[in-house]
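The structure appears right after this line, and notes come after that.
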Ligand SMILES: [Cu+2]
């Protein structure tokens, strides 16, 4: 009821305002005055205000890049990430170059040609030379960017994975579980209908490939080795995101998605590089999947092959797990 009254009052207020403006217009007409008259002085102040706001906006963009530019895309710690970063930087520098030329000009001209009583507009209906210039330059630049983008996409999304280590990351509200394929480098079949008891990922016990699978609560990866990460989800769409490694892939219930990448910096190398002893790689959920989404993450440790094998030798495989 209260809402209805508010809407009604707002509606009446708008109608009253429209009527007032109409009365004002009629009154000026009756007096024989010109309806709206804007003086040169008003035009001057308006032009000046636009110039100040416009240049303020351009300066703010420059300042925000200086202040927060480092947060956009970090130096990549994976092989393919270097290509993505190059594509990103090229596109970004090009956009900024054009932005910092066109925007100041836009606001400067709107000030320079502000309304003046005796100004007369210059009518130019057509100019072939200008048409050719402003059509061909963007066409060439955008084609180059699109080709560069497609090439990068193909390199990143369709790599040769014949020698990659196969593992799985399983998503559910609100945690991640990792499953390594073990010595056979083959993940055992899995299905959500088989989930029960300690078999939280629904791994098929009858599939021989599953017996040496290893389920863990941390992701360990050997540096400089390609990993083919497969993703499944139990409930809703999640998104596995590793910002430092330039990896992101949706985890969709009912289907399996994957992403192959090669980490090139160990956790300790990154700690030294960032001068931050507390740094850890992380896999986050990047899809708003429910109330505890913000805390859906799993630690990722990138280490030397030897360290990785040592850690792996301490983990129980699926067979040992279920026979306990
Ligand atoms: Cu999620």
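The values are calculated or read from the model by the stated rules, or taken from the named source; none is laboratory data. None of these values were measured; they are calculated from a predicted model. Neighbour counts are summed over all protein chains in view; Cβ atoms, including those assigned to glycine, are modelled from backbone coordinates with ideal geometry.
What are the residues in segment 109-128 that are closer than 23 Å to residue 138 by Cα and outside any loop (DSSP other than H, G, I, E, B), if any?
Residues satisfying the conditions are 109, 128.
Going by what's in this entry, would residue 206 be described as under 28 Å from residue 319 (Cα atoms) and within 16 Å of the ligand (Cβ to nearest atom)?
no
Between a first residue in segment 90-102 that is on the phi > 0 side of the Ramachandran plot and at pLDDT 95 or above and a second residue that is surrounded by 11 or more Cβ atoms within 10 Å (Cβ to Cβ) and assigned to a helix (DSSP H, G or I), which pairs have beta carbons less than 6 Å apart while being 6 or more apart in sequence or on different chains?
none
A quick yes/no check of all residues on (1) out of contact with any helix residue (DSSP H, G or I) (no Cβ under 7 Å at 6 or more places or on another chain); (2) modelled with pLDDT of 90 or more; (3) more than 25 Å from residue 291 (Cα to Cα); (4) more than 16 Å from the ligand (Cβ to nearest atom):
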position: 139; (1), (2), (3), (4): yes, yes, yes, yes
position: 145; (1), (2), (3), (4): no, yes, yes, yes
position: 148; (1), (2), (3), (4): no, yes, yes, yes
position: 160; (1), (2), (3), (4): yes, yes, yes, yes
position: 164; (1), (2), (3), (4): yes, yes, yes, yes
position: 167; (1), (2), (3), (4): yes, yes, yes, yes
position: 184; (1), (2), (3), (4): no, no, yes, yes
position: 190; (1), (2), (3), (4): yes, no, yes, yes
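Taking segment 248-290 only, how many residues are more than 12 Å from the ligand (Cβ to nearest atom) and on the phi < 0 side of the Ramachandran plot?
29
Report yes if residue 185 is without any contact (Cβ under 8 Å) to a residue 40 or more places away in the chain and in the same structural domain as residue 259 (by TED's automatic domain parsing), otherwise no.
Yes; evaluated as a whole, the condition is true for this residue.
Hey, could you check segment 65-89 for residues that are in contact with a strand residue (DSSP E or B) (Cβ under 8 Å, 6 or more places away or on another chain) and either without any contact (Cβ under 8 Å) to a residue 60 or more places away in the chain or in a helix (DSSP H, G or I) (or both) and say which is surrounded by the fewest Cβ atoms within 10 Å (Cβ to Cβ)?
Going through the qualifying residues, I end up with 79.
Regarding segment 20-42, can at least one residue be identified that is touching a residue at least 24 places away in the same chain (Cβ under 8 Å), farther than 30 Å from residue 282 by Cα and out of contact with any helix residue (DSSP H, G or I) (no Cβ under 8 Å at 6 or more places or on another chain)?
Looking for residues that are touching a residue at least 24 places away in the same chain (Cβ under 8 Å), farther than 30 Å from residue 282 by Cα and out of contact with any helix residue (DSSP H, G or I) (no Cβ under 8 Å at 6 or more places or on another chain), one finds at least one in segment 20-42, hence yes.
Residue under question is residue 44, and the condition is that it be assigned to a helix (DSSP H, G or I) and within 30 Å of residue 243 (Cβ to Cβ); does it hold?
No.
Test residue 154 against the stated conditions and say whether it is exposed (fewer than 14 other Cβ atoms within 10 Å of the Cβ) and farther than 20 Å from residue 237 by Cβ. Spell out how you get there, then give the answer.
Details: exposed (fewer than 14 other Cβ atoms within 10 Å of the Cβ): yes; farther than 20 Å from residue 237 by Cβ: yes.
It is true that residue 154 is exposed (fewer than 14 other Cβ atoms within 10 Å of the Cβ) and farther than 20 Å from residue 237 by Cβ.
Per-residue answers, yes or no, for (1) crowded, with 18+ Cβ neighbours inside 10 Å; (2) farther than 30 Å from residue 294 by Cβ:
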| site | (1), (2) |
| --- | --- |
| 205 | no, yes |
| 208 | no, yes |
| 224 | no, yes |
| 235 | no, no |
| 239 | yes, no |
